[in-house]
Amino acid sequence: MKNFPVQTRVTKRYGHTTILDNIKMTLNKGEIFGLLGPSGSGKTTFVKLLCGIEEATEGEVIVLEKQMPDLNVMKRIGYMAQADALYGELTAYENLEFFATLSGVSRREQKARILSAMKLVDLEKELQKRVEDFSGGMKRRLSLAIALLHNPDILILDEPTVGIDPSLRQKIWETFEDLRSKGVLILVTTHVMDEAERCSRLGMIKGGHLIAVGTPDELKKQTDSQTIEQAFLSYGGQSNEN
Amino acid sequence: MRISAVVKRILKQFIHDKRTMALMIVAPIIILTMLSLVFNGEDLELKIGVLDLPDQIVEKMEQHAVVKNVSSEDAIESLLKEDYDAVVVFNNGEKKLYLEGSNPSINRAVIELVKNSAVNSEEKVTMNISYLFGSDDMTSFDHFGPVLVGFFIFFFVFLIAGVSFLRERTQGTLERVLASPIKRWELVIGYVVGFGLFTMVQSAIIALYSVYVIDLKMEGSFFYVLLITLMLALSALTLGILLSSFAKNELQMIQFIPLVVVPQIFFSGLFNLDTISNYLSWIGPLTPLYYGADALKSVMIKGQGLTELWIDLLVLFGFSITFMILNIYALKKHRRI
Ligand SMILES: Nc1ncnc2c1ncn2[C@@H]1O[C@H](COP(=O)(O)OP(=O)(O)OP(=O)(O)O)[C@@H](O)[C@H]1O
Ligand SMILES: [Mg+2]
């Protein structure tokens with residue numbers, strides 16, 4: 001693909017409040033793009049615009065050369081929402097099966113895909129457990145497995161590793177890097193600075209504006225900081241997690 | 001494919017959620033059983049006090065009521081003190097009937113009885129009574145049983161479908177589902193089919209129970225009863241889903257019941273439709289239960305068939321289709337395409 005998989009020039013308002021003010025962003029194939037910004041800055045809103053479940057008030061959101069929302073493009077996106085959206089009465093396997101069918105995974109392939117996705121998040125032993133009996137972190141991991149099920153070209157993950165322990169987080173990030181090397185575009189929002197450090201590029205949203213974009217090193221250099229956290233703070237973001 | 005995924009998921013949720021399943025089947029059955037016992041109880045037995053009545057009349061009255069001579073001349077006192085429904089006094093050619101009066105149906109029964117007993121036997125007309133529909137052993141429960149069967153199916157399907165679609169919204173799964181390439185109509189159809197399959201079983205159990213266990217009058221074909229309850233349940237389900245998009249939480253959904261569901265029973269034939277004020281009577285034809293109850297009465301009491309039913313069935317189906325289209329439209333709020 002010659003073009004960028006994601007191109008935006010977008011303004012989003014709720015009523016008279018402008019949440020995102022003309023955000024221009026281009027994302028490349030095969031990169032992990034980290035979206036940073038203080039709480040309430042509009043990261044989730046931006047991510048939902050890319051998934052097609054929110055619509056731009058002004059401007060355009062082009063994903064895989066199509067204006068969103070577009071059903072054919074949605075097939076190729078894996079989305080993990082900030083709040084877990086799971087059916088508590090169903091078992092993990094039934095949840096996975098349901099979302100796999102919705103995303104168009106054929107019945108033949110389902111079982112293998114479900115198993116490999118669950119292995120990735122270390123939940124392969126909990127397949128028959130009901131989701132209402134899962135811990136918070138387990139639910140998070142199941143949501144991630146659901147996003148990975150249909151081998152999407154674009155992964156959009158809204159704070160994917162909240163509540164996940166460091167060693168599993170490490171494993172999950174290795175998976176992200178593996179997917180990136182296969183050409184998948186991954187967009188993550190995060191408040192965790194050592195995760196930000198591992199991104200190919202970072203974007204910082206504040207007050208509805210995209211105030212900085214660049215590789216972690218570039219951002220550190222621009223602000224004369226030793227760590228991303230310092231850079232983040234010197235851009236005026238308020239870190240609320242370590 | 002996507003539709004069947006939604007259908008399968010809904011059925012699985014039912015299977016896992018035993019309590020809801022029990023609520024939808026057992027609760028209507030319990031209520032119907034209780035109502036049948038309430039209305040099929042003992043015949044009304046009147047208690048009448050008499051003073052100076054000719055023996056001939058008293059004998060006649062005794063065939064239908066407990067008759068006692070009142071000792072005191074004060075008829076009113078005996079009405080108040082003892083449990084008489086009425087006291088009849090013949091005094092120097094003056095004939096008086098004192099009624100206890102607080103229950104209109106007892107009043108009517110007493111007046112009827114006294115009138116009939118007082119008629120001279122020569123004047124007595126023997127009438128040949130024939131029933132076009134129903135029969136002399138039809139109880140009042142037979143009369144409104146069909147309406148109640150329809151009402152309870154409507155009520156429970158409305159509530160459960162509405163709440164579960166609402167939950168889908170509040171727990172975020174609706175948004176997550178709409179982030180997948182499912183089309184809005186596929187989601188609505190999936191819901192209708194999934195719940196439709198379940199309500200089919202539910203309606204069948206309730207109808208079977210009403211007819212064979214509590215012995216509700218059943219003149220027509222059982223198959224038609226199933227068809228009607230299914231159509232009625234479909235309209236309840238689509239209406240429930242539609243209204244759930246105007247509710248923020250379960251409590252608000254429940255508040256729709258007195259507004260939307262209960263009033264339907266006023267127009268369903270449980271009360272005499274001819275006496276409803278003109279200000280309100282136009283509402284009846286706008287409510288699904290009006291047609292469902294009418295169709296159920298046609299089959300269960302009158303034993304009628306498709307020729308009489310098809311209009312009711314068609315209207316019910318029309319309701320469901322309309323609500324479904326509105327549902328597909330209402331989902332636009334969450335995703336334009
Ligand atoms: N449906 C809505 N209606 C009105 N305002 C909304 C709506 N959704 C979000 N907002 C507002 O938009 C702003 C951005 O919210 P958003 O969820 O995108 O923040 P965020 O950057 O993801 O925050 P966090 O890091 O806490 O997840 C907030 O001020 C929020 O109140
Ligand atoms: Mg957020």
(request) Looking at (1) under 21 Å from A:Arg180 (Cβ atoms); (2) within 11 Å of another protein chain (Cβ to nearest Cβ), find the lone condition where A:Gly88 falls short. (result) (1)
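Conditions tested, residue by residue: (1) of a type in the set (Val, Ile, Thr); (2) over 16 Å from the mean Cα position of the chain (by Cα).
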{"residue": "A:Thr45", "(1), (2)": "yes, no"}
{"residue": "A:Glu60", "(1), (2)": "no, yes"}
{"residue": "A:Tyr79", "(1), (2)": "no, no"}
{"residue": "A:Ala85", "(1), (2)": "no, no"}
{"residue": "A:Val105", "(1), (2)": "yes, yes"}
(request) Given the conditions (1) acidic (Asp, Glu); (2) within 12 Å of chain B (Cβ to nearest Cβ); (3) more than 20 Å from B:Arg184 (Cα to Cα), report the number of the one that A:Glu126 does not fulfil. (result) (2)
(request) Assess whether A:Ala83 counts as being within 16 Å of ligand 2 (Cβ to nearest atom), in a loop (DSSP other than H, G, I, E, B), within 14 Å of chain B (Cβ to nearest Cβ) and among the aliphatic types (A, V, I, L, M). (result) yes
(message) Suppose we filter A:Ile146, A:Ile172, A:Ile211 for residues that are surrounded by 23 or more Cβ atoms within 10 Å (Cβ to Cβ) and either of a type in the set (A, V, I, L, M) or assigned by TED's automatic domain parsing to the domain that holds A:Glu97 (or both); which single one remains?
(response) A:Ile146
(request) Exactly one condition in (1) within 12 Å of chain B (Cβ to nearest Cβ); (2) more than 16 Å from ligand 2 (Cβ to nearest atom); (3) of a type outside the set (Gly, Ala, Ser) is not met by A:Asp158; state its number. (result) (2)
(request) Any chance you could count how many residues in the range A:62-80 are surrounded by 23 or more Cβ atoms within 10 Å (Cβ to Cβ), in a strand (DSSP E or B) and either within 12 Å of ligand 1 (Cβ to nearest atom) or more than 8 Å from every other protein chain (Cβ to nearest Cβ) (or both)? (result) 3
(message) Of the residues B:Lys12, B:Lys68, B:Lys8, B:Lys18, only one is basic (Lys, Arg), on the phi < 0 side of the Ramachandran plot, at pLDDT 80 or above and not assigned by TED's automatic domain parsing to the domain that holds B:Ala161; which?
(response) B:Lys68
(message) Quick test for you: out of A:Lys43, A:Lys29, A:Lys125, A:Lys129, pick the one residue that is modelled with pLDDT of 90 or more, away from ligand 2 (no atom under 16 Å from the Cβ) and farther than 25 Å from B:Ser4 by Cβ.
(response) A:Lys125
(request) Within the range A:18-57, track down each residue that is within 11 Å of ligand 1 (Cβ to nearest atom), free of Cβ contacts under 8 Å to residues at least 24 places away in the same chain and away from every other protein chain (no Cβ under 14 Å). (result) A:Gly40
(message) Criterion first (within 14 Å of chain B (Cβ to nearest Cβ) and either within 16 Å of ligand 2 (Cβ to nearest atom) or more than 24 Å from A:Glu126 (Cα to Cα) (or both)) does A:Ile146 satisfy it?
(response) no
(request) State the number of residues belonging to the range B:1-43 that are of a type in the set (Gly, Ala, Ser), part of a helix (DSSP H, G or I) and more than 14 Å from chain A (Cβ to nearest Cβ). (result) 3
(request) With the checklist (1) within 16 Å of ligand 2 (Cβ to nearest atom); (2) within 9 Å of chain B (Cβ to nearest Cβ) in hand, flag the one item A:Gly104 doesn't pass. (result) (1)
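The values are calculated or read from the model by the stated rules, or taken from the named source; none is laboratory data. Treat the numbers as computed from the prediction; the structure is a model and nothing was measured. We place every Cβ from the backbone using ideal geometry, glycine too, and count neighbours over all the protein chains shown.
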